[in-house]
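The structure appears below as structure tokens.
The values are calculated or read from the model by the stated rules, or taken from the named source; none is laboratory data. Just so you know, these numbers come straight off a predicted model, no measurement behind them. Every residue, glycine among them, receives a Cβ derived from its backbone with ideal geometry; neighbour counts consider all protein chains shown.
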Amino acid sequence: MSNRYKVLDQRGLNYLTLTVVGWIDIFSRKKYRDLVLDNLKYCQANKGLHIYGYVIMTNHIHLVASADGKQTLSEVLGDFKSFTAYRILKDLPTSNESRREWLMYMFGFFAKRNNRKTEHQFWQTSNHPILLYSPKVIRQKLNYIHKNPVRAGWVEMPQQYIYSSASNYLEDGKGIFEVEILESFYNYMG
């Protein structure tokens, strides 16, 4: 794997994209978005994960994050992805999800296609990290994250989408999930 897809600074501030295999829209379901938030909260409380910005879209998650615990950022993300996949794949077969058979088939298909040693693959292997090395790049990535639901046509203003840190930044910290605010780097540019 090239350096392009490795976290180059394991303790530094990174922009990350965690994508479901095949861009499958699993996070269109509230219970799976909530599961992601619960797992992120656990990683914050127990694994030294610091989250400064996030958005949960239907098939991917963007984070601005760092780690300062015993584990590296890559290790924390690996644990997060592994546990999230485990919980969703355990829930799907008995859920009332109308697409459950198709979803399980697709997660199995990607595991076979990628020669995985597991029966199912939920996440793409890379987190597409970008080291945030300047105030300009930090501002750009936070704005990109927060405007993602607007570009998707779901809301008119970023702070209207609750599965994003936009309301933490734009509504005086009133988001549904606690993030560490990068005040000196954030500047919403309509």
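In the set ASP68, ASP9, ASP25, which member is among the acidic types (Asp, Glu) and under 25 Å from GLN159 (Cβ atoms)? Working first, answer last.
Values: ASP68 fails: under 25 Å from GLN159 (Cβ atoms); ASP9 fails: under 25 Å from GLN159 (Cβ atoms).
Being among the acidic types (Asp, Glu) and under 25 Å from GLN159 (Cβ atoms) holds for just one of ASP68, ASP9, ASP25, which is ASP25.
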* Matching strands (runs of 3 or more DSSP E) fully within segment 1-77 where at least 1 residues are farther than 21 Å from LEU170 by Cα and in contact with a Gly (Cβ under 8 Å, 6 or more places away or on another chain) -> 49-56, 60-67
* **Selection within segment 104-134 - of a type in the set (A, V, I, L, M) and more than 13 Å from GLY22 (Cα to Cα)** => ILE130, LEU131, LEU132
* Asked: Of all residues in segment 1-59, which are of a type in the set (Val, Ile, Thr) and touching a His at 6+ places or on another chain (Cβ under 7 Å)?
  -> THR17, THR19, VAL20, VAL55
* **Of the criteria (1) crowded, with 19+ Cβ neighbours inside 10 Å; (2) in contact with a helix residue (DSSP H, G or I) (Cβ under 7 Å, 6 or more places away or on another chain), which one VAL20 fails** => (2)
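For every residue, the table says whether it meets (1) in contact with a His (Cβ under 6 Å, 6 or more places away or on another chain); (2) more than 20 Å from VAL179 (Cβ to Cβ); (3) at pLDDT 95 or above.
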position	(1), (2), (3)
VAL76	no, no, yes
LYS81	no, no, yes
GLU101	no, yes, yes
PHE107	yes, yes, yes
ARG113	no, yes, no
ARG116	no, yes, no
TYR144	no, no, yes
* Structure fact -> Counted residues in segment 96-137 being free of Cβ contacts under 8 Å to residues at least 12 places away in the same chain, assigned to a loop (DSSP other than H, G, I, E, B) and either closer than 19 Å to LYS30 by Cα or β-branched (Val, Ile, Thr) (or both) come to 5
* Criterion (within 24 Å of LYS112 (Cβ to Cβ), modelled with pLDDT of 95 or more, in contact with a Ser or Thr (Cβ under 8 Å, 6 or more places away or on another chain) and not hydroxyl-bearing (Ser, Thr, Tyr)) met by exactly one of ASN39, ASN59 -> ASN59
* Structure fact -> The correct count of residues that are of a type in the set (A, V, I, L, M, F, W, C), surrounded by 15 or more Cβ atoms within 10 Å (Cβ to Cβ) and over 11 Å from the mean Cα position of the chain (by Cα) in segment 23-58 is 5
